[in-house]
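Q: Dumping the structure here so I can ask a few things about it.
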Amino acid sequence: MPGQAEVEPNLDAYEPRARIVNGETGEVRPVLKDQLTGLDEFLGAWKQNVDLPEELLFTSWQMSDKAHPAGEGKPAYRLVYKTLRTVPFPQVSLIHPNLRVNFANGPVTFGEPRFAEALSGRKTGSFIIPEWGSIEQGAEGGAGYAFQQNVRIQMEAHQETTPSANYLEILYALPAGDWVRYDQIVAAGRAGIASLTAMLDLIYGERLLGPVLTEEAGEVFDDWHWNRRIGGRTISMESQARLEMVDGNVFVARLSQAIAGQLELSPEARNRIRIAAQWYWRADGEPELVQRYIAYWLCVEALELGDNANIVPVLARVAELLGVDRSAVKASVGRMYGIRSDLVHGKIRDVAPEAVERVSSLAIALLESRSLKVVSGPRLEALRSAVTRGDS
């Protein structure tokens, strides 16, 4: 208004190290210092020159409202398939205490976090911000590495709605537990509805369970309102890791030696290693602990058992690698096999992370010994720890 002086903003009230960007309009808003907590503590705990970058977790929600506050529902999992030109009529819902199945027509809303410049990590729900650089040749014949550290986290809370479509939606309330990570929620959800989706697929096939529109972690309420959890993913930064040089000539020599060693093996032995390596990678990418445990044990079986279901060959190989008598490892390896059998035959439904760690140490050491004909010091110690502990 005329005659009224403009009020200068108090710049000291804002946090210069953070800002909020509207992904749709491009509007940039500063963040008040009293609305942002933990930044100083985070920066103070930041470590550089680590072996692998730290995984950072965050918490964020979509779809919440006054009647359905974020974080106050039952932890849940959501999976929505688009049918292949298969129309539900009438539209129906099947409801159980921990499960709702909607076979319906209409728009479907989904969302996810999108990290600018980030790459998907090896684990479900993990992202890493890469650092780019180039090797530059010097005038005197030397070489240097020029890089630009990247420690910026740029995230968009993306959400969109499809046009009307025929779909099948499954909402599954998870059993009681401390559900923090996205990959854990997804793994528990997949396991919880596996028999249901198998029945649907056997009855109706791929026309019903067509392409996946969305797979989400979140929470449900008594009225089955869905709050989407876009947090729980992990983000890490490559620039945090230490810089390491690998001699290219040594790399070629070691890999050539390893390949030559495998070519000396019989076709049957090479095939066992190939199958075991596939189970190793299946386990590495599997977020669900039961399936991961089984995959690691199948890696062991592929390497050592052949047609023999007896674990004596495993005991003999482990004892040979550790330089001990078979009796020293028999109990621990036997318990690992017992867990495998109970899981496969449905006698138990869960497995402890520590048990998965032990069987992974066994599988990786055996795979390394067969593939490279040697076991590195750290993996040998991990194997020793896994098979000589009193508990399993």
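Q: Using the reciprocal of the averaged 1/r over all distinct C-alpha pairs, how large is the Kirkwood radius of the chain in Å?
A: 25.4
Q: Can I ask one more? Calculate how many DSSP beta bridges within the chain are antiparallel, expressed in % of all such bridges and rounded to the nearest 5.
A: Numbers: 56 of 61 bridges.
For the chain, the DSSP antiparallel bridge percentage is about 90.
Q: Based on the mean of other Cβ atoms within 10 Å per residue, sort peptides 53-59, 137-143 so the most packed one is first.
A: Numbers: 53-59: 14.1, 137-143: 7.0.
Ranking the peptides 53-59, 137-143 by packing returns 53-59, 137-143.
Q: Of the peptides 101-110, 360-369, 115-124, how do they stack up when ordered by the mean number of other Cβ atoms within 10 Å, highest first?
A: 360-369, 101-110, 115-124
Q: Additional query: With just the Cα atoms defining each centre, how far is the range 261-334 from the range 219-246? Give it in Å.
A: Here the two parts' Cα centres lie 32 Å apart.
Q: To the nearest 20 debye, what is the magnitude of the charge dipole of the chain about its Cα centre, counting +1 on the Cβ of each Lys and Arg and -1 on the Cβ of each Asp and Glu?
A: Charge dipole, the chain, about its Cα centre: 1520 debye, nearest 20.
Q: What's the exposure ranking of Met237, Met63, Met199, Met336, going from fewest to most Cβ atoms within 10 Å?
A: In increasing order of surrounding Cβ atoms, one gets Met199, Met63, Met237, Met336.
Q: For His158, list long-range residues whose amide hydrogen, built 1.01 Å from N in the peptide plane, is under 5 Å from its own amide hydrogen.
A: Glu112, Arg114
Q: For Tyr293, what charge total do you get from the other residues with a beta carbon under 14 Å from its beta carbon, if Lys and Arg give +1 and Asp and Glu give -1? Mind dumping the intermediate values first?
A: On the way: positive: Arg282, Arg292, Arg335, Arg340, Lys347, Arg349, Arg358; negative: Asp284, Glu286, Glu288, Glu301, Asp342, Asp350, Glu354, Glu357.
In short, -1.
Q: Let me have the 222 nm mean residue ellipticity of the chain computed from DSSP H runs of 4+ only, each contributing -39500 (n - 2.57), with the sum over all residues rounded to the nearest 500.
A: Details: 9 runs with 141 residues, N = 392.
Taken over the chain, the calculation gives -12000 deg cm²/dmol.
Q: Cα centroids of the range 146-192 and the range 29-98: how far apart, whole angstrom?
A: 7
Q: Further question on the same structure: Just want the ordering: Ile170, Ile203, from fewest to most Cβ atoms lying within 10 Å of their own Cβ. Please list the in-between numbers first.
A: On the way: Ile170 22, Ile203 8.
So the ranking, lowest neighbour count to highest, is Ile203, Ile170.
Q: For each of His68, His96, count neighbouring Cβ atoms within 10 Å of the residue's Cβ, then give the residues from fewest to most.
A: Going from least to most buried by this count: His96, His68.
Q: Same structure, new question: Please compute the net charge surrounding Gln240, taking Lys and Arg as +1 and Asp and Glu as -1 over other residues with Cβ under 11 Å from its Cβ. Mind showing how you got there, number by number?
A: Numbers: positive: Lys47, Arg242; negative: Asp51, Glu54, Glu55, Glu131, Glu238.
Once positives and negatives cancel, what remains is -3.
We did not get these values from a lab; they are worked out from the coordinates using the rules stated. Note that the structure is predicted; figures quoted are calculated from it, not measured. Every residue, glycine among them, receives a Cβ derived from its backbone with ideal geometry; neighbour counts consider all protein chains shown.
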